[in-house]
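> If you scroll down you'll find the structure; I have some questions about it.
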Amino acid sequence: MPLKASARLALWMLCLIAGTRGVSWSQLPGLPPSPSAGEHGVIAGVVLDNTGGSPISGANVTLSTEGDQPSDALAVTDGKGRFAFSNVPPGRYILFANCEGYSFGSYGGATRNHAPATVTLGPAEKRNDFVVRLEGLGTISGVVTDQDGDPLAGASVMLWTPSFERGKSTFASRASANTNDLGEYRFYYLDPGQYIVMSNGRGRMVLRVRPEVSSLPVGSQTGQEPQYGAQFYPGADHISRAALLTVRPGREIEHVDFRMSSKASAKLRGAVVPPPALPADAQISVNVIPQEAPGVQGAVAFMVTAPNYSFESYDLLPGEYVVVASVSESGRQYRGVQTVHIGTFAENDVTLKLDAGVDLAGSVKVEGKRGSALEFHVQLTPGDSLPWNTDKPSATVRPDGTFVLKSVVPGVWDIDVEPIPEGGYVKSMRLGEQDVLTEDMVIGPETALPLRIVIGAHAGMIEGHVKTVSGQPAGRVPVLLAPYGAFANVQYFYRMAFADEKGHFALHSLNPGNYKLYAFEAVENGVWQNPQFLKPFENQGELVKISEGPNPSKEIRLITQERPRR
């Protein structure tokens, strides 16, 4: 059985006490019964820096039993990077190591994306030849100054990485920091990869939140002083034009400096067309979201009120924005969305019409159902990254299989239905005649089509073996099942599993259809969200047609050539 939290804490404390003396397996709680003491052995070795080969002291080394419910023993390396586990029963084990300033590593895993090797220990066997190599983490540092070259203390600096969402290229925020009194910042413990650095200036976001803006008189210049906007290294004004900095293991990228320049701000004048019979004391929420980077960094948020629901938002830097207005009234949601381009000396006006959410009726049907009936629950999640500050539309499916999702506002929505019966799968989702299992479900103000969900009771499954070019078992390697053809971009259909040391793999809960099987030496989790990732390997994938239930076993070849990074 896996160790409980209290037992793992006891192990950790025991390791701290044991220090470089190593840990005796027979002393540890929660482990399987041991054979006779005469059959116990030793597993020992060293943890090294993979770049320079120097020993790493103070690294935590974990010895785990192999299986779905592992038990662990812990040790800490000494000043020469050495560790030891004594009184270890014969069996099969996996070795992991981690240390501050280094990536997580394993014995037999060339990188963190490689599967670890299995350590087989015989009766009374003593092995001290294990080497675990850890990759050092990286650093990015620099200075932020104003237009005169003086340091900007407290400036906000953000770190981004290239990413993919819904099969499309985007960027993900990874970390943030503030500059010190010398304008210096430093990001440390960074995994190797590519990064973008952004400075937001003077410790505040590009835009200030000014709830009182609607009370300012038309033409007022209050608050329109120049300000520092978002700047992406080396001086770009949009994340798509920023430099990609490559962080290498254990290396520091220095002098990623910013010289901020002030920009004249502008204002946005607008009004919201309220829904019918809105109470006089109701407040409509308005968000003005800049588009130079993903998310809502730098958004202005305020409320507008009767009688005319107008506003003037100041301190906006020139650029593209998405304006979102929303209100809830009598259990009905309303929302309006508009994209605007704001210029410094232009008339920037916007009128937002609020569309009422629609009641989306539907049904859930189970085909090939066995056993007792399940109570299903359907919920929608926004798929357009717009602000959503209320409960997500959800409904419990009635005994007759029908449901109604109340007040779904126009936009893109993802659908979740649960529970899925054991061994089952979502067979289809259709909004009218549109396939919304494999395509975005876009709800409009006039949508009145039913949402029909069909669950199949018998998902597909396939197993097989991975062989090297020479025909030998490939061992612990990741196996990727990728939808092929019309559904190639459906992230929901991708599956990954690790083969065992004999190269055997098994994949379950599969949607029937056409796929390709790939086996790599290593692959980053989720890398298939990049639609370009598999293109160089299409001819090396094994084409399979998945049907419900068990499918014929497949033998596939290991792909060993260099793979592009995410």
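Each value in this text was obtained by applying a stated rule to the coordinates, not by laboratory testing. Quick caveat, the model's predicted, so the values are computed rather than measured. Methodologically, a virtual Cβ is constructed for each residue, glycine included, from the backbone with ideal geometry; neighbour enumeration extends over all protein chains shown.
> Based on the mean of other beta carbon atoms within 10 Å per residue, what is the order of 280-287, 140-147, most packed first? Each step should come with its number before you reach the end.
On the way: 280-287: 16.5, 140-147: 19.6.
The peptides rank, most packed first, as 140-147, 280-287.
> Karplus couplings for the stretch 547-558 from phi (6.51 cos²θ - 1.76 cosθ + 1.60, θ = phi - 60°), rounded to Hz, Gly and Pro as x?
10, 4, x, x, 10, x, 5, 10, 10, 10, 9, 6
> So, by mean Cβ neighbours within 10 angstrom, what's the order for 268-278, 120-130 with the highest one leading?
On the way: 268-278: 16.5, 120-130: 14.2.
Output ranking for 268-278, 120-130: 268-278, 120-130.
> Scan around A499 for amide H atoms under 5 Å from its own, H built in the peptide plane at 1.01 Å from N, and keep only partners 5 or more places away or cross-chain.
V477, V479
> Out of every Cα pair in the stretch 439-566, what percent are spaced more than 23 Å from each other? Before the final figure, lay out each step's value.
Details: 2935 of 8128 pairs.
Roughly 36 percent, once rounded to a whole number.
> If I take R0 = 60 Å and measure r between the Cβ atoms of K535 and T305 in this structure, what FRET efficiency does the formula 1/(1 + (r/R0)^6) give, to the nearest 0.05?
Working: r = 54 Å, r/R0 = 0.90.
After rounding, the FRET efficiency stands at 0.65.
> On to the next question. Which percent of Cα-Cα pairs in the stretch 232-387 sits in each 10 Å bin, short to long?
8, 27, 24, 17, 14, 8, 1
> Same structure again: By what distance, in whole Å, do the Cα atoms of the stretch 317-467 stretch along each of the three principal axes, largest value first?
Its Cα atoms span 66, 52, 26 Å along the three principal axes.
> Could you line up V132, V47, V364 from fewest to most neighbouring Cβ atoms inside 10 Å? Write down the numbers at each step before the final one.
Working: V132 25, V47 29, V364 21.
The most exposed by this proxy come first: V364, V132, V47.
> Per DSSP H run of n ≥ 4, the term is -39500 (n - 2.57); total these for the chain, divide by its residue number, and report the mean residue ellipticity at 222 nm rounded to 500 deg cm²/dmol.
-1000 deg cm²/dmol
> Output wanted: per-residue J couplings in Hz (rounded whole) for the stretch 161-173, from phi through Karplus 6.51 cos²θ - 1.76 cosθ + 1.60, θ = phi - 60°, x for Gly and Pro.
Per residue, the Karplus-derived 3J(HN,Hα) values read 10, x, 8, 9, 9, 6, x, 10, 5, 8, 9, 10, 6 Hz.
> Now for a different question. Pop the C-beta distance of D400 and S169 into the FRET formula with R0 = 60 Å and round what comes out to the nearest 0.05.
The calculated FRET efficiency here is 0.85.
> Turning to a different aspect of this structure: How long are the three semi-axes of the equivalent ellipsoid for the chain, computed from the Cα gyration tensor as the root of 5 times each eigenvalue, in whole Å, largest first? Don't skip to the end; give the middle numbers.
Working: eigenvalues 482, 259, 96 Å².
Rounded to whole Å, the semi-axes are 49, 36, 22.
> Here's something else I'd like to know. Could you derive backbone 3J(HN,Hα) for the stretch 386-398 from the dihedral phi with the Karplus parameters 6.51, -1.76 and 1.60 (θ = phi - 60°), listing whole Hz in sequence and x where the residue is Gly or Pro?
Each residue of the stretch 386-398 in turn: 7, x, 9, 10, 10, 4, 6, x, 8, 7, 8, 6, 6 Hz.
> List every residue whose amide H lies under 5 Å from the amide H of G167, counting only residues 5 or more places away in sequence or on a different chain, with H placed 1.01 Å from N in the peptide plane.
The list, which skips near neighbours in sequence, is empty: none.
> Which lysines, on any chain, are close to K545 with Cα under 26 Å apart, when same-chain ones fewer than 8 places away are left out?
Within the straight-line limit of under 26 Å, K545 reaches these lysines: K365, K369, K427, K467, K502, K516, K535, K554.
> Principal axis extents for the stretch 267-355, Cα atoms only, whole Å, descending order, please.
Projected onto the principal axes, the Cα atoms of the stretch 267-355 cover 37, 25, 17 Å.
> Sequence-distant or interchain residues sharing an amide H contact under 5 Å with A459, placed H: which?
G424, Y425, G549
> Now, a different point. Taking R0 as 30 Å, what FRET efficiency do you get between D384 and T111 from their Cβ-Cβ distance, rounded to the nearest 0.05?
Details: r = 36 Å, r/R0 = 1.19.
With R0 = 30 Å, the Cβ-Cβ based efficiency is 0.25.
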